[in-house]
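Written out below as structure tokens is the structure these notes cover.
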Amino acid sequence: MNPIDDASLDRLFREGRTFNHYLDTPVGEDEIRAIWDLMKMPPTSTNQSPARMVWCLSQEAKDKLADCATGSNPDKIRAAPAAVIIGMDVDFHENLPQLFPHVDAKSWFDGNTELREASAFRNSSLQGAYLILAARALGLDTGAMSGFDQGAVDKAFFADQPGVRSNFIATIGYGDRSTLHPRNPRLAFEQANRIA
């Protein structure tokens, strides 16, 4: 497989940014289904796929989510074309017979809530990162955030799914680049890496 071109690398990584402000362009079900169809494909441990998404497209849903957010996040959520809650299903192992059928992987997690919680958090976080890249690949932008009351979000959006808890939130839309500040610095290779 050949490397992707520089323009794609720019879109996904070098010029991809976190947005707090978006153009007045709606995001609809076609776009979020396209995001899901990409983000579900990259790897998770034993194909766990524990992310459970709530896509807030209506103003009512965004307002409900904004009521659970803190700091400046409520205004960002209300003004965005869409928002998504990336949740994590700690009972993901119930789907392993379907998702990882060649061995009895479900038995590895039965009765071990601590292992399931760690796995659900790790792998739903991975899937949330895939969401960001999928959105960028499709020409959309995101603003990931963790400033919210997890208990309030879980009560408001996952009360009917007792095994599901929120991990983080992201707004989605077509970013207004005119509102961006200069990119913050990143660590050099030598600051964050060792070769063993």
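Derivation of every value follows stated rules applied to the coordinates shown; laboratory data play no part. Source: prediction; values computed, not measured. All Cβ positions, even for glycine, are placed from backbone atoms using ideal geometry, and neighbour counts span all protein chains on display.
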Here's a check for you: in segment 77-101, which residue that is in contact with a strand residue (DSSP E or B) (Cβ under 6 Å, 6 or more places away or on another chain) and aliphatic (A, V, I, L, M) is nearest to Leu23 (Cα to Cα)? Ala80
Among helices (runs of 4 or more DSSP H) completely within segment 84-196, the ones holding 3 or more residues that are farther than 22 Å from Asp63 by Cβ, of a type outside the set (Gly, Ala, Ser) and within 21 Å of the chain's Cα centre (by Cα) are 113-137
Meets criteria (without any contact (Cβ under 8 Å) to a residue 24 or more places away in the chain and either surrounded by fewer than 16 Cβ atoms within 10 Å (Cβ to Cβ) or not polar (S, T, N, Q) (or both)) for His93: no
Give the residue, chosen from Phe148, Phe168, Phe157, that is touching a Lys or Arg at 6+ places or on another chain (Cβ under 9 Å) and either surrounded by 15 or more Cβ atoms within 10 Å (Cβ to Cβ) or not aromatic (Phe, Trp, Tyr) (or both). Phe157
Of residues in segment 3-51 being out of contact with any Ser or Thr (no Cβ under 8 Å at 6 or more places or on another chain) and basic (Lys, Arg), the one surrounded by the most Cβ atoms within 10 Å (Cβ to Cβ): Arg11
